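Asks: Take a look at this one; I'll ask things after.
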Amino acid sequence: MKISKLQQFLPEFVYGGIDGSVTTFAVVAGAAGVGLESSVVIILGFANLIADGFSMSVGSYLSNKSELHHYENIIAWKVRK
């Protein structure tokens with residue numbers, strides 16, 4: 001059975017969406033709570049979205065790369081045995 005690209009990455013989209021929503025809400029609520037101007041709150045929200053998206057994508061890339069490297073090391077070790 002072939003898995004489509006959407007099905008393959010759906011768990012990461014869901015996880016990233018939930019995490020991004022929660023952290024962005026926390027930043028925006030905190031900024032609004034201290035009485036900052038609306039424009040500052042919006043700028044902080046967008047900055048958080050961009051930083052959170054970048055952080056999660058780099059983390060996912062490095063995690064997948066490490067998993068692949070570990071798998072390749074196990075295969076190479078079994079071949080040498």
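Asks: Being in contact with a Leu (Cβ under 6 Å, 6 or more places away or on another chain) and either exposed (fewer than 10 other Cβ atoms within 10 Å of the Cβ) or of a type in the set (Val, Ile, Thr) (or both) is the filter here, so list the residues in the stretch 1-39 that pass it.
Replies: Scanning the stretch 1-39 gives Thr24, Val27.
Asks: Restricting the first residue to the stretch 63-81 and requiring it to be farther than 19 Å from Glu12 by Cβ, which pairs with a second residue that is part of a helix (DSSP H, G or I) and basic (Lys, Arg) meet a Cβ separation below 7 Å and a spacing of at least six or different chains?
Replies: Listed by first residue and then by second, the contacts come to nothing, as the list is empty.
Asks: Is there any pair linking a residue in the stretch 11-25 that is closer than 13 Å to Ile50 by Cα to one that is at pLDDT 85 or above and of a type outside the set (Lys, Arg), with Cβ under 6 Å and at least six apart or on different chains, and which?
Replies: Gly16/Met56; Gly20/Asp52; Thr23/Asp52; Thr24/Gly45; Thr24/Asn48; Thr24/Leu49
The values are calculated or read from the model by the stated rules, or taken from the named source; none is laboratory data. Given the structure is predicted, the values throughout are model-derived calculations rather than measurements. Quick reminder, even Gly has a Cβ in these numbers, built from the backbone with ideal geometry, and neighbours come from all protein chains shown.
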